[in-house]
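A quick write-up on the structure given underneath.
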Amino acid sequence: MKDIYYRPEWTCGKYNATKHVAIMFNLLMNGEYFFEQESADVVGLILQAGRNGKVSVSKISETLNISPDSIIPFFDSLVGIGLLTEKYPTKNDIAEYRKYCVTQPNITTYMGDDAENYLQCDISSVEIAYADSIIDCTEISSVIFELTYRCSEKCLHCYNIGATRNDQEKSGRGDFAELTLDDYKRIIDEMCEAGLVTATLTGGDPFAYKDVWGILEYLYQKDIAVTIQTNGQQLIDNIDKLARFYPRMVRVSLYAGEPAAHDYITRKNGSWQTTIDVIKALKEVCVPVGINCVLMRAGLKSYLKLKKIGEELGALVLFDCCVTDSIEGDYCATHHLRLTPQELEIVMMDTDIALKDEKLELYANPASYKRGVPCRAGYGMFSVMPDGKLIPCVTMHMVFGDLKVQSFHSIVTNNAMLKHLLEMPASDYEECGTHDYCKCCGFCAGISYSRYGTPFKANENNCYIAKCKYSLMKKIQSGEDVLKGKSLQECINEMPDYIFPHLQREYINNDKGK
């Protein structure tokens, strides 16, 4: 009878002994798996073995009082999905498995009907199942670390504090006092004690933070699955170094299928080609890659080319039609860069973006939720600003406390602001759910908070897109041929060329920002 297996270094996960649940990741295949009861208890012991650690069937059988005849078939199934190996994984074995995984389609759980709601925080249905089994308001399953607001690009639509809208403005991206590596190690330790499973490193560009590699190494040591959101500009010479930390996914920003439009948005010549080169290099070493594209007027006419690029490079392209207002209240990017209703109507006929017919109504409006906000912000999911402020998400700067001087546990325990966010009844939403078009809303409480100072007020950005979706839905239901007998590509080609504006800040309150 076979007794010894190994837990390979491309795996990580978490086990909760109280609830008897576990989650485990195959980071090369982007595979995620949720376990309950006895299988979770077994996985918990597998995780204890550590990366490349030895796992004994007989010892697990003795510890859990489970027959080896039950454990071995389970182990063999884990071998089949790459969570165990039958021999110690040597460097050559790991290299060969990377080559194998490159040829396989990534296992992804991101693309359900609620994908957009969880896009920023990388919360998959598997992680939701695990989190829902363990979470209360003092625990955490997922965190976004905004390491810095500094960035090598100057994207016109960037909503971060200190971003500029034109080259005459002075950047304030470097004005934040940033946490040290020691700060992050302490915070990560505290969050791991509170149940942390996944972390996302973002910014700005996380690779503009001086100790990003130290953070990656520490998260790797702590068995945390890490997603990275980056423009890729500083990765081109560090691909192999990054691959050694087995990121769960690298999400790279690419805003058009042609260089000129992308480089206009980033205000950095050559950025399109560098990003393409980074995606290719990451795929060669089997790092799962996603392409994040905020779909704007400047990149609209080439976005179908971007879809093709994603297919050719084996990268999942995730489109977002919502241009977000600045955290500082400036909405000129929304005003000038987002798609017009006519353009949105055509784009939403693309089944990869809005999905037509019965799939068009993707999202439940906030009024359908009994409590809190629909995106789960604050419910086991938090973000950390560069200076250590703990907030619900990157767009909702509702400060719960300061991790620079407070522990995570002390901030979230009996926090009145957090409790109010999680328990706010649907009846307290000021307008949401009162219109027919609300059924088509992908409500973002963070956008509302940035513009109005409250997460419970309907925001113009979400209403704008919901109205367009609802109008399109009614046309489809009435039998109207929205594309007028033409292909999607033909309709895109007929759209007028976008005239690039010189952006100037705009505020609801004209005195703001002066």
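The values are calculated or read from the model by the stated rules, or taken from the named source; none is laboratory data. Predicted model, so just to flag it, every value in this text is computed and none were measured. Quick reminder, even Gly has a Cβ in these numbers, built from the backbone with ideal geometry, and neighbours come from all protein chains shown. Each accessible area value is taken on the protein alone, full model and side chains, heavy atoms only, with ligands, DNA and RNA left out. Shrake-Rupley method; radii C 1.70, N 1.55, O 1.52, S 1.80 Å.
At-a-glance table
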quantity	calculated
Condition check for Thr334: among the β-branched types (Val, Ile, Thr) and assigned to a helix (DSSP H, G or I)	yes
Any hit, region 273-283, residues being closer than 30 Å to Cys444 by Cα, over 18 Å from the mean Cα position of the chain (by Cα) and acidic (Asp, Glu)	no
Every residue from region 176-220 that is open to solvent by 10 Å² or more (accessible area, probe 1.4 Å) and of a type in the set (Asp, Glu)	Glu178, Asp182, Asp183, Asp189, Glu190, Glu193, Asp211, Glu217
Conditions (1) in contact with a Pro (Cβ under 8 Å, 6 or more places away or on another chain); (2) at pLDDT below 90; number of the one not met by Leu360	(1)
Residue satisfying condition, being closer than 30 Å to Glu169 by Cα and modelled with pLDDT of 90 or more, within set Tyr498, Tyr464, Tyr452	Tyr464
Residues satisfying the stated conditions in region 169-192, i.e. assigned to a helix (DSSP H, G or I) and at pLDDT 95 or above	Leu181, Asp182, Asp183, Tyr184, Lys185, Arg186, Ile187, Ile188, Asp189, Glu190, Met191, Cys192
Subset of region 4-21 (residues that are in contact with a helix residue (DSSP H, G or I) (Cβ under 6 Å, 6 or more places away or on another chain) and modelled with pLDDT under 95)	Asn16, Lys19, His20, Val21
Criterion: at pLDDT below 85, open to solvent by less than 60 Å² (accessible area, probe 1.4 Å) and not aliphatic (A, V, I, L, M) - qualifying residue of Thr148, Thr109, Thr85, Thr103	Thr109
Residue check, Asp223 of a type outside the set (Ser, Thr, Tyr), modelled with pLDDT under 95 and open to solvent by 20 Å² or more (accessible area, probe 1.4 Å)	no
Answer residue from region 1-24, given it is of a type in the set (Lys, Arg) and within 28 Å of the chain's Cα centre (by Cα) and is most open to solvent (accessible area, probe 1.4 Å) among those	Lys19
Some residue of region 262-270 being among the basic types (Lys, Arg) and within 21 Å of Pro496 (Cβ to Cβ)	no
Complete set of residues in region 35-73 that are open to solvent by 50 Å² or more (accessible area, probe 1.4 Å) and not polar (S, T, N, Q)	Glu36, Glu38, Arg51, Lys54, Lys59, Glu62, Leu64, Asp69, Pro73
Top-ranked residue of region 292-311 - restricted to ones that are open to solvent by less than 10 Å² (accessible area, probe 1.4 Å) and more than 14 Å from Cys491 (Cα to Cα), ranked as farthest from the chain's Cα centre (by Cα)	Gly299
Within region 212-235, tally of residues that are under 26 Å from Trp272 (Cα atoms) and either without any contact (Cβ under 8 Å) to a residue 40 or more places away in the chain or part of a strand (DSSP E or B) (or both)	7
Test result for Lys283, open to solvent by 20 Å² or more (accessible area, probe 1.4 Å) and at pLDDT below 95	yes
